[in-house]
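Everything below concerns the one structure shown next.
The values are calculated or read from the model by the stated rules, or taken from the named source; none is laboratory data. Quick caveat, the model's predicted, so the values are computed rather than measured. Neighbour counts run over all protein chains shown; Cβ positions are idealised from the backbone, glycine included. Ligands, DNA and RNA are excluded from the accessible area calculation, which covers all protein heavy atoms including side chains. Shrake-Rupley method; radii C 1.70, N 1.55, O 1.52, S 1.80 Å.
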Amino acid sequence: MNKNKILVPLNNNSYEVTIKQGVINSIGEELTRLGINNDRKILIVSNQEISKLFGGKLLNNLKKYNFKAEIFNIKAGENNKNMASLSEIFNAAFEVGLDRNSLMIALGGGIVGDVTGFAAATWLRGIEYIQIPTTLLSMVDSSVGGKTAINHPKGKNLIGAFYQPKAVFIDPETLITLPTREFKAGMAEVIKYGVIKDKSLFEYLENEKNRDKILNLENKSLIKIINNSIKTKACIVSEDEKENGIRAILNYGHSFGHVIENLCGYGEYLHGEAISIGMKIAGDIATEKNLWSKKHSLRQDHLIESYGLPTQTPKIKKNKVITILMGDKKVRNGKMRFILPKDIGEVDIFNDIEESQFLKYFD
Ligand code: GLY
């Protein structure tokens with residue numbers, strides 16, 4: 001397979017992730033290559049800002065290939081990853097007349113991708129959809145693997161479905177217009193892959209020259225980190241599509257990350273910033289349990305901070321932490337599961353973490 005394409009091998013619904021500079025300008029051609037006929041209606045779901053940047057290009061290219069496509073914008077922001085946005089997409093789908101043979105395209109970051117994926121999973125009991133992620137975080141994580149969801153006031157991603165896209169197209173060029181804070185937040189997920197499974201990626205990220213190239217959006221280094229991240233994700237997802245076991249390691253740093261996002265108000269911390277703090281806490285717990293050395297923990301924290309990400313836990317009351325963790329869908333049979341590191345490039349799932357071992361990081 002071409003080095004810009006990564007297969008996500010699954011039992012029934014394998015698909016390709018294409019990583020290519022400028023691919024956003026050739027989606028019509030790519031859909032045709034995938035055997036998607038231009039008699040199928042397309043609803044592109046995006047938000048105003050992303051539509052302005054890339055919507056016109058995408059529409060023009062689809063029109064060139066005689067696809068009938070329309071753009072519908074939902075409101076940006078984690079606060080809008082909710083039932084209201086979902087209903088608006090369904091209204092638009094009705095207006096446009098999307099039938100079982102139609103297609104949705106998610107053009108945007110993780111919020112657009114997750115809500116659109118869930119809309120596609122449920123509209124007429126499921127229609128196909130394509131992911132075109134435009135943020136680093138959605139490129140390396142949420143656009144691949146078929147997790148779709150909206151938030152519930154009681155917790156993040158509580159309503160959703162495993163529903164794989166038909167294809168994912170990643171254009172690193174879209175990162176040029178991404179705000180720096182959001183780019184850095186995406187780096188948290190890249191660092192995560194280094195800690196959980198890819199020591200060589202971790203070491204690559206540690207190298208100062210590489211870091212400068214990445215932060216200056218040098219194309220080759222961007223493609224390298226996106227490629228490595230997705231290869232790890234594809235491998236884990238193909239082993240455990242519905243998260244019955246190993247896939248949980250992709251949630252490294254996420255349990256405490258979700259607590260921080262939820263209790264500090266969605267939007268106060270970007271998802272990647274919250275999981276940076278979550279990884280720091282997980283690393284500290286692992287050191288205390290003698291799972292990995294203080295040296296490893298400091299290496300991880302230094303790497304996180306060197307990409308401009310936070311490691312300082314905000315002030316949060318212990319009882320609130322417990323409530324959120326118990327409500328988290330990662331809790332099974334009343335037990336809290338945590339992903340803890342054992343080495344750089346190796347983590348494991350632990351069910352035996354005492355409350356006192358993690359509550360001390362909170363007020
Ligand atoms: N973001 C974690 C997963 O896709 O499983």
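Out of T177, T122, T148, T135, one residue alone is open to solvent by less than 10 Å² (accessible area, probe 1.4 Å) and among the polar types (S, T, N, Q). It is T148. The set of residues in the stretch 1-16 that are part of a strand (DSSP E or B) and more than 19 Å from I44 (Cβ to Cβ) comprises K5, I6, L7, V8, E16. Consider the stretch 133-156 and keep the residues that are assigned to a strand (DSSP E or B) and within 12 Å of the chain's Cα centre (by Cα). The one that is farthest from the ligand (Cβ to nearest atom) is P133. Residues in the stretch 1-37 that are polar (S, T, N, Q) and open to solvent by 80 Å² or more (accessible area, probe 1.4 Å): N2, N11, N12, N37. Candidates in the stretch 224-248 are the residues that are part of a loop (DSSP other than H, G, I, E, B) and of a type in the set (D, E); of these, the one that is most open to solvent (accessible area, probe 1.4 Å) is E241. Restricted to the stretch 172-223, the set of helices (runs of 4 or more DSSP H) holding at least 1 residues that are within 15 Å of I275 (Cβ to Cβ) and among the β-branched types (V, I, T) comprises 180-196. Among the residues of the stretch 157-174, those that are crowded, with 22+ Cβ neighbours inside 10 Å and within 13 Å of the ligand (Cβ to nearest atom) comprise Q164, P165, V168. Residues of the stretch 203-213 include none that is open to solvent by 10 Å² or more (accessible area, probe 1.4 Å), within 13 Å of the ligand (Cβ to nearest atom) and closer than 22 Å to S297 by Cα.
Only residues in the stretch 246-274 that are within 10 Å of the ligand (Cβ to nearest atom) count as the first member; pair them with residues that are open to solvent by 40 Å² or more (accessible area, probe 1.4 Å) and β-branched (V, I, T), Cβ under 7 angstrom, at least 6 apart or cross-chain, and list the lot. Listed pairs, sorted by first residue: A248/I349; I249/I349. Annotation for the stretch 308-321: at least one member residue is part of a helix (DSSP H, G or I) and either buried (at least 17 other Cβ atoms within 10 Å of the Cβ) or touching a Ser or Thr at 6+ places or on another chain (Cβ under 9 Å) (or both). Against the numbered list (1) within 12 Å of the ligand (Cβ to nearest atom); (2) farther than 22 Å from T313 by Cα, N227 comes up short only at (1). When K192, K184 are checked against the criterion of being within 19 Å of Q300 (Cα to Cα), basic (K, R), buried (at least 24 other Cβ atoms within 10 Å of the Cβ) and out of contact with any His (no Cβ under 6 Å at 6 or more places or on another chain), a single residue qualifies: K192.
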